[in-house]
1. Could you tell me which of the residues L157, L120 is crowded, with 22+ Cβ neighbours inside 10 Å and closer than 29 Å to L59 by Cβ?
2. Filter the range 99-113 for residues that are loosely packed, with under 15 Cβ neighbours inside 10 Å and either closer than 14 Å to N143 by Cα or in contact with a Ser or Thr (Cβ under 7 Å, 6 or more places away or on another chain) (or both) and give the result.
3. Looking at the range 67-88, which of its residues are crowded, with 19+ Cβ neighbours inside 10 Å and more than 15 Å from the chain's Cα centre (by Cα)?
4. Take the residues of the range 142-176 that are among the β-branched types (V, I, T) and under 20 Å from L126 (Cα atoms): which is farthest from the chain's Cα centre (by Cα)?
5. Contact list please: Cβ distance under 6 Å, first residue in the range 33-49 and closer than 15 Å to V81 by Cβ, second residue not in a helix (DSSP H, G or I), pairs at least six apart or on different chains.
6. Taking the conditions exactly as written (assigned to a loop (DSSP other than H, G, I, E, B), over 27 Å from L74 (Cβ atoms) and not small (G, A, S)), does K191 satisfy them or not?
7. List the number of the failed condition for I91; all other conditions in (1) within 16 Å of the chain's Cα centre (by Cα); (2) β-branched (V, I, T); (3) crowded, with 20+ Cβ neighbours inside 10 Å hold.
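The values are calculated or read from the model by the stated rules, or taken from the named source; none is laboratory data. Computed from a predicted model, the values in this text were never measured in an experiment. Here the Cβ positions follow ideal geometry from the backbone for every residue, glycine too, while neighbour counts run over all protein chains shown.
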Amino acid sequence: MNNVTKRCFIVALALGLFAFTTGSALAAKKVKTEDELIAQLGSAKEKEVISALQQMEKLYPASTSCQAAIKPLLADSRKPVARKAARVLGIMNAPVSDADLKNIATLLKSADKAEIIDGLKALRGLKAQSLIPEITPLLQNPNKNVVRDACRTLAVLGDKSLIPTLKPLLEVSDLAVQKDAADAIAILREK
């Protein structure tokens, strides 16, 4: 019985050591330098570009080099790439030009609600007050989640002058929309 216990212990120890070294090697392999990730943005493979964007967001959130490399992707013909680029720039609170904002604003005009919502979420992290006139019509969107995200975005970008625009949403039948409108109004009153 003692030999069985020793063998089990040795096997378990060997497996643990193998798992540890394999896991460490894989973790070390996945971490790429800033320059490697910037180079990966040029890939023709959509998944590789999105992976690079995700890693930049986590590893290099304040990198001006990454931000500059991401901005051209806002006009990428691959919608998932353009959406992720917008979201990452918003999370990074990157400085953006009018041309960059124009590219992000195309997401707000999409028929796909997920694209609209990604555009709205991206704008919350950017200085995008100039797009408020393009956001307010989204308060009439038939999709309640678009309306809710429009309220949240206006709360971040807007000022007290938007309160009358949001007030009618306090009367809609959807309680979640009412709550987001009320929250936005409260935030705007404090500005």
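1. L120
2. Hits for the range 99-113 are K109, A111, D112.
3. A69
4. Step by step, filter the range 142-176, then rank; the result is V147.
5. E46/R78; V49/L41; V49/S43
6. yes
7. (3)
Yes/no per residue for (1) modelled with pLDDT of 65 or more; (2) loosely packed, with under 10 Cβ neighbours inside 10 Å; (3) under 23 Å from L126 (Cβ atoms):
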position: T5; (1), (2), (3): no, yes, no
position: L15; (1), (2), (3): no, no, no
position: K29; (1), (2), (3): no, yes, no
position: Q40; (1), (2), (3): yes, no, no
position: K47; (1), (2), (3): yes, no, no
position: L53; (1), (2), (3): yes, no, yes
position: M56; (1), (2), (3): yes, no, yes
position: Y60; (1), (2), (3): yes, no, yes
position: S63; (1), (2), (3): yes, no, yes
